[in-house]
Each structure stands twice: as structure tokens, then as C-alpha cells.
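Step one of this worksheet: look at the structure below.
The values are calculated or read from the model by the stated rules, or taken from the named source; none is laboratory data. Values in this document were obtained by computation on a predicted structure and should not be read as measured data. Every residue, glycine among them, receives a Cβ derived from its backbone with ideal geometry; neighbour counts consider all protein chains shown.
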Amino acid sequence: MGVEQKLGNMGVVTTTLEQAVAWSRTNAMWPLLFGLACCAIEMMSAQASHYDMSRFGMELMRPSPRQSDLMIVAGRVSRKMAPVLRRLYDQMPEPKWVISMGDCASCGGVFNNYAVVQGVDEVVPVDVYVAGCPPRPEALIHGVLTLYEKVRGIKFADVQK
Amino acid sequence: MPDIQEVTVDDLKHLVSEKAIQGETMLLNMGPQHPSTHGVLRLLLELDGETVINCIPDIGFLHTGIEKNMEAKTYQKAEVMSDRLDYMNPVGNNLAYSMAVEKLVELDVPVRAQAIRVILAELTRYQSHLVWLGTAALDLAAMSMFLYCFREREYILDVMELCSGQRMMTTYIRPGGLWRDVPVEFEAAVRNILKTFPKRIDEYEALLTRNPLMLDRTLGIGRLTGEECLNFGVTGPMLRASGVKWDLRKTRPYSGYEQYDFEVPTRPEGDVYARFLVRLEEMRQSLKIVEQALNKLPMGPVRSNNFKFVPPPRSEIGVSMEALIHHFKLWTDGFNAPKGSIYNAVESPRGELGVYLESDGGPKPYRIHWRTPSFDNLQSIPLMAKGVLVADLVAIIGSIDIVLGDVDR
């Protein structure tokens, strides 16, 4: 099973630093424990026993932005909440990513009115959008895996520029 | 994007005590991003050491403008918004809204539709209590409860998905009946729930009811008397845990609740533990109602055949010119409701959920107001929080079972 059989008694693994960093980032990405509305319940479902996001190294949700790598904006963002959301984002240490979960967070959804920010990308930069109202937990997991692909593709040379 | 306003103690003078101005007590913000506030509630706490002297809730972080948005849509289309109001109880919101519209235009609902409504509403109540139990126990550091409760919740969401194709926001109950009849797999799925769930409730009880950690954290905490509850407009399990036997399903039955035999659990203590016991018992009673409704589920249509207000079945549109016209008129113009106003209330998992509809005779509601139980229940928190420890405040917030979508609308 696993790495022991594949590598046998070699004892040494060679890889590039880029790949090693990407591997560690994508296998223990801690999301911010932060729910806004309906989508937060589906986010909790994704964390709980049936869908079990700990398979992807995400069982640990951190309530403190200082300890988290990923912000899942789960729900509608009101005008009153937007500055708070931005402050939370600013408090997260680099590198950080944002998933916009659900239609309301992505584009305002059914609420095209005075109270709701029409897309959270007005406030914070978004990496992955997940569609649905609310998205199924599978859809969120797909969004997370899409983000992992993106993170694995990060080249150090691009970041340093 | 508006900036965050910096607030000084002087701006809060009218809310906090003298001591806070002089700096003897500490002002502390709890939320809007806090794991135990169940959403985006912000509490301004005035603390003397570990003791809460004042607790001032600040709401509106999830204000969505749902009422205003509903007024811009026809009666049928506005219903979609109601799901997103109290997102733990979408079926109950649909039920309250549909019944209000039915009262307004005087529509009759077939008995089969009423029974299915009851089944789904009770399953939703169960599902809402499951999420409450999981998260409230999580606040008291019982991690395993959260996992168990969400395991069971999936069964109920599967039933919702069977009926409507959506897990949470079903919009399955429509004015005049249901969207369509339940599928054939429905009965087996609900029977499976009825078979497995009572044992699961026993499991929760075994884990929590006599657990000394649970008792220490909840007994005698957040006490409210029945009179205080009534003064604050507190309804639902909180009111019943304070000894007042008031449940709209019993006192003002709707949708055929009078046919079913069930108890309204009450407790005299009015503390967090009593609320826990009342909700657990309500879960058992919900299953009892579902079983009775399923056993005598009548056959027949599930939608009113008054096609002035209810869209005709899909199969008729191809063969009947009248049906085609009705369909077209309903989905382009909507129907004109008679002038007047209506208040209709149902028992949501959190209390009395009321819809006030004002019609000016047009196809859109002139004014919709939602009387949401979480909003009224939350008002009692300054009273309950006075003099408790910060850790107890967490237990109290959990016991109110607020849904911020319900508070802020």
C-alpha cells in the first residue's frame, strides 16, 4: 500500500521544490470557519460524515483567519458584511485563496437588490466559483479540487515577479 | 464598498453602563465571524472579568432585502425567495407563504397535498432540529454529535431531493397544492427514516442527556420564565421549555394537523437544558406525525383544479386550448389577487412563522412582511446573558437556535 511499496528501499525521493511545496499546500489547506447563509449549511455537510472533506486534508476549519489558507465565501454577502469580509481576508496570511460558493456569492444570485453585493469579487479576489443555489457538497468538493489543480500549477518564477 | 466605521466608547454611551465609559469594565466584540454565533451575529459584550454585564446584539449582517424583492415578483414567482429566508426550514416557509396566498385568493387544497405537506414539513422540522443539535453540541465541545446529526440529515435531504430535485431549496409546496405528486420511491424512503431514526434519537440521548459535562454546561443557564417569554414574543421550543403550552399545530391547527395524534412537550425549568429536552422530544413527535400521515395518505390530485390561480398539468397543455391559455397567462402576467390583507402563521422549528400579505388588487403583493421567530427569540438574549459567564453565553446562543437568515431577512 502506498508510498512504501512504490518506492521500496530507495530511501530517497527526488523532486523539485515547486512540486514539494505544492504537494504540501494542497494536502493540508485549512479553510476559514466562516459561514454566511444557506451555503454554509451545505459547507458543513461537506465537512461532516457523509461527504467528509478530511479526505482532502481539509477537516480542520480554523475560526481564526490568522491560521487559515482558504476562505470559502458561503452565502450572500450583504453591504454591511462586505467590509468585515474584506478585513478577514486581509488578516489571512499569504498564500491565500478564495472560493466563492453559490450563486449569491458569485453574482448576486436571485437577490438583485439594494442589500446584496452583486458578486463577492467586488470585495476580494476569487479563485474558483462554485455554481448552485446552494451547491451540493459534491459541487463544493469539485471546486476545492479545481483550486488544488490551480495551486499545483503555481510556478515560483511567476510569484516572484 | 463602505469602510468599517471606527467607533469610540462615547458612541456606545447609551448602550453600556457607566463603568464601561470609565474603563472599569471591558467592551468586547463577539462576531460577526465567530464559530458559536451560528452565522453572522455580532454581540457587543460588556465584561467584568469573565462575567457578562451587558450583551447588545447587532444584527443586519445578512440583510438580504427578501421582503422587498418578493414585492417585485408575481405571487407564484415570489415564493422562490421564501426558501432562502429561514434556510433551515425551507418547506415551512413555503407552507406559510402558500397558505397565505391560498387564503387571499380563496383556494382549496386537496387532502392528499395537505398530508404530503405535513409529512415534508415535519421532516424539515426534524432536519432543522438535527442541525441545531449538532451545532449546539459542537459549541459545548461534543464533536461527535455534529457528525452523527449530519449523517442522519442526509436521509431527509434525500427525500427532499426525490420529491423536488433539490436538497435544500425545494419550492415544492406551491399555492394551491404541490408542484407535482411524490414519486413512487417516496414511501419506502420515508418508511426507512421512520424505522431507523427512533434508535438514533436514543443514541443522542445516551450521549448527552445524562452526560455530566452537558449537565454542568446547561442546567440552570439562560433561564427565562414563561411570562418573560410572552413579553418578549418568544415562541416555539423556547416558549414551551418555559412551561407555556403553545404550539400552533395544536392551538390553531392548519393543513390537517388536527387529525394527527401528537403531544406538545413542555418543561417548566426554562433553561438551556430544558430547551434541549423539549427539542429532542419534538423530534420524536415529528416522527409520530409523519408515520400517521403516511399511513393514511389519501389518493387523489395534489393540486387545485382552479386554473385561474394554479397552472394546469403539463399533459393538458398539448391537448386543451384553455389549458394553454391559462398556462401562458399565469406565467406571463400572474393572477390578480383581490384587494385586502392576510396574516397567516405556521409553527416553524423555531416558533411562530407568520406572513403578512397586503394586496392592492394587482398580480404582485403590495407589501409582504415576515414575522420570523428567530428575530423575536433573539431579543431575549440581553436578558438571558446578564450575569452569566462568557462560556455560558455560547450555550445560550446555541439554545435559542437562531438562523441569521431568519433574523435579518
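Take the residues in the range A:104-119 that are away from every other protein chain (no Cβ under 11 Å) and within 20 Å of A:Met43 (Cα to Cα); name whichever of them is surrounded by the fewest Cβ atoms within 10 Å (Cβ to Cβ).
If we take residues in the range A:104-119 being away from every other protein chain (no Cβ under 11 Å) and within 20 Å of A:Met43 (Cα to Cα), then A:Cys107 is surrounded by the fewest Cβ atoms within 10 Å (Cβ to Cβ).
Here are some conditions: (1) closer than 19 Å to B:Lys68 by Cα; (2) crowded, with 22+ Cβ neighbours inside 10 Å; (3) touching a Pro at 6+ places or on another chain (Cβ under 6 Å). B:Gly351 meets all but one. Which one does it not meet?
For B:Gly351, the failing item is (1).
Return the pairs, sorted by first residue and then second, in which the second residue is surrounded by fewer than 19 Cβ atoms within 10 Å (Cβ to Cβ) and not in a loop (DSSP other than H, G, I, E, B), the first residue lies in the range B:214-235 and is basic (Lys, Arg), the beta carbons are less than 9 Å apart, and the residues are 6+ apart or on different chains.
Filtered contacts from the range B:214-235: B:Arg217/B:Ala391.
Say whether the condition of being of a type in the set (D, E, K, R), crowded, with 20+ Cβ neighbours inside 10 Å, assigned to a helix (DSSP H, G or I) and in contact with a Pro (Cβ under 8 Å, 6 or more places away or on another chain) is met by at least one residue in the range B:120-134.
Yes, there is a match, as at least one residue in the range B:120-134 is of a type in the set (D, E, K, R), crowded, with 20+ Cβ neighbours inside 10 Å, assigned to a helix (DSSP H, G or I) and in contact with a Pro (Cβ under 8 Å, 6 or more places away or on another chain).
Taking the condition in contact with a Ser or Thr (Cβ under 8 Å, 6 or more places away or on another chain), free of Cβ contacts under 8 Å to residues at least 60 places away in the same chain, surrounded by 21 or more Cβ atoms within 10 Å (Cβ to Cβ) and not in a loop (DSSP other than H, G, I, E, B), does B:Arg117 pass? Give the derivation first.
Details: in contact with a Ser or Thr (Cβ under 8 Å, 6 or more places away or on another chain): yes; free of Cβ contacts under 8 Å to residues at least 60 places away in the same chain: no; surrounded by 21 or more Cβ atoms within 10 Å (Cβ to Cβ): yes; not in a loop (DSSP other than H, G, I, E, B): yes.
Criteria not met by B:Arg117.
Among the residues that make up the range B:33-45, is at least one of them surrounded by 14 or more Cβ atoms within 10 Å (Cβ to Cβ), more than 30 Å from the chain's Cα centre (by Cα) and away from chain A (no Cβ under 14 Å)?
no
What number of residues within the range A:70-87 satisfy the criterion of being in contact with a strand residue (DSSP E or B) (Cβ under 8 Å, 6 or more places away or on another chain), crowded, with 20+ Cβ neighbours inside 10 Å and not in a strand (DSSP E or B)?
Adding up the residues that qualify gives 4.
Which residues, taken from the range B:260-287, are in a helix (DSSP H, G or I) and either without any contact (Cβ under 8 Å) to a residue 24 or more places away in the chain or of a type in the set (Phe, Trp, Tyr) (or both)?
B:Tyr273, B:Phe276, B:Glu281, B:Gln285
Residues of the range A:38-58 being facing chain B (nearest Cβ under 9 Å) and of a type in the set (S, T, N, Q), which ones?
Result: A:Ser45, A:Gln47, A:Ser49.
Has the range B:203-212 got any residue that is touching a helix residue (DSSP H, G or I) at 6+ places or on another chain (Cβ under 8 Å), surrounded by fewer than 18 Cβ atoms within 10 Å (Cβ to Cβ), more than 28 Å from B:Ala293 (Cα to Cα) and at pLDDT below 90?
Checked against the condition, which is being touching a helix residue (DSSP H, G or I) at 6+ places or on another chain (Cβ under 8 Å), surrounded by fewer than 18 Cβ atoms within 10 Å (Cβ to Cβ), more than 28 Å from B:Ala293 (Cα to Cα) and at pLDDT below 90, the range B:203-212 yields at least one hit.
Taking B:Ile368, is it modelled with pLDDT under 90 and not small (Gly, Ala, Ser)?
no
Out of all the residues in the range B:373-409, which are within 14 Å of chain A (Cβ to nearest Cβ), on the phi < 0 side of the Ramachandran plot and either under 14 Å from the mean Cα position of the chain (by Cα) or of a type in the set (Gly, Ala, Ser) (or both)? Give the derivation first.
Initially, the range B:373-409 is screened for residues within 14 Å of chain A (Cβ to nearest Cβ), giving B:374, B:394, B:401-409.
Narrowing the set further to residues that are on the phi < 0 side of the Ramachandran plot leaves B:374, B:394, B:402-408.
Answer for the range B:373-409, where residues must be within 14 Å of chain A (Cβ to nearest Cβ), on the phi < 0 side of the Ramachandran plot and either under 14 Å from the mean Cα position of the chain (by Cα) or of a type in the set (Gly, Ala, Ser) (or both): B:Ser374, B:Ile402, B:Val403, B:Leu404, B:Gly405, B:Asp406, B:Val407, B:Asp408.
Answer yes or no: is there a residue in the range A:59-73 that is acidic (Asp, Glu), without any contact (Cβ under 8 Å) to a residue 12 or more places away in the chain and within 11 Å of chain B (Cβ to nearest Cβ).
No: the range A:59-73 contains no residue that is acidic (Asp, Glu), without any contact (Cβ under 8 Å) to a residue 12 or more places away in the chain and within 11 Å of chain B (Cβ to nearest Cβ).
Mind counting the residues in the range B:35-84 that are in contact with a Phe, Trp or Tyr (Cβ under 6 Å, 6 or more places away or on another chain) and among the hydrophobic types (A, V, I, L, M, F, W, C)?
Here the count works out to 1.
Inside the range B:347-393, can you point out the residues that are in a helix (DSSP H, G or I) and β-branched (Val, Ile, Thr)?
B:Ile381, B:Val390
Return the total of residues in the range B:370-380 being closer than 17 Å to B:Asn94 by Cβ and not charged (D, E, K, R).
Qualifying residue count for the region: 3.
Starting from the range B:26-41, take each residue that is within 19 Å of B:Tyr87 (Cα to Cα) and list its partners that are of a type in the set (Ser, Thr, Tyr), counting only C-beta distances under 8 angstrom and pairs at least six apart or across chains.
B:His38/B:Thr135
Since A:Ala22 meets every condition but one in (1) within 22 Å of A:Ala82 (Cβ to Cβ); (2) modelled with pLDDT of 85 or more; (3) among the small types (Gly, Ala, Ser), which condition does it not meet?
The one condition A:Ala22 does not meet is (1).
Restricting attention to the range B:68-88, and to residues there that are of a type in the set (Asp, Glu) and over 23 Å from A:Gly35 (Cβ atoms), which single residue is surrounded by the most Cβ atoms within 10 Å (Cβ to Cβ)?
Kept after step one, since they are of a type in the set (Asp, Glu), are these residues of the range B:68-88: B:71, B:79, B:83, B:86.
This time we only want the ones that are over 23 Å from A:Gly35 (Cβ atoms), so: B:71, B:79.
Values: B:Glu71: 16, B:Glu79: 20.
Here the residue is B:Glu79.
From the list B:Ile381, B:Ile400, exactly one residue is surrounded by 15 or more Cβ atoms within 10 Å (Cβ to Cβ), in contact with a helix residue (DSSP H, G or I) (Cβ under 6 Å, 6 or more places away or on another chain) and touching a residue at least 60 places away in the same chain (Cβ under 8 Å). Which is it?
On the way: B:Ile381 fails: in contact with a helix residue (DSSP H, G or I) (Cβ under 6 Å, 6 or more places away or on another chain).
Result of the check over B:Ile381, B:Ile400: B:Ile400.
Among the residues of the range A:90-103, which ones are farther than 25 Å from B:Met81 by Cβ and either exposed (fewer than 14 other Cβ atoms within 10 Å of the Cβ) or within 14 Å of chain B (Cβ to nearest Cβ) (or both)?
If the condition is that a residue be farther than 25 Å from B:Met81 by Cβ and either exposed (fewer than 14 other Cβ atoms within 10 Å of the Cβ) or within 14 Å of chain B (Cβ to nearest Cβ) (or both), then A:Asp90, A:Gln91, A:Met92, A:Pro93, A:Glu94, A:Pro95 are the ones that fit.
I want to confirm something. Restricting to the range A:122-139 and keeping residues that are more than 13 Å from A:Asp103 (Cβ to Cβ) and outside any loop (DSSP other than H, G, I, E, B), which single residue is farthest from the other protein chains (Cβ to nearest Cβ)?
Among them, the one singled out is A:Val128.
Within the range B:89-101, restricting attention to residues that are part of a helix (DSSP H, G or I), surrounded by 24 or more Cβ atoms within 10 Å (Cβ to Cβ) and not small (Gly, Ala, Ser), which residue is nearest to the other protein chains (Cβ to nearest Cβ)?
Here the answer is B:Pro90.
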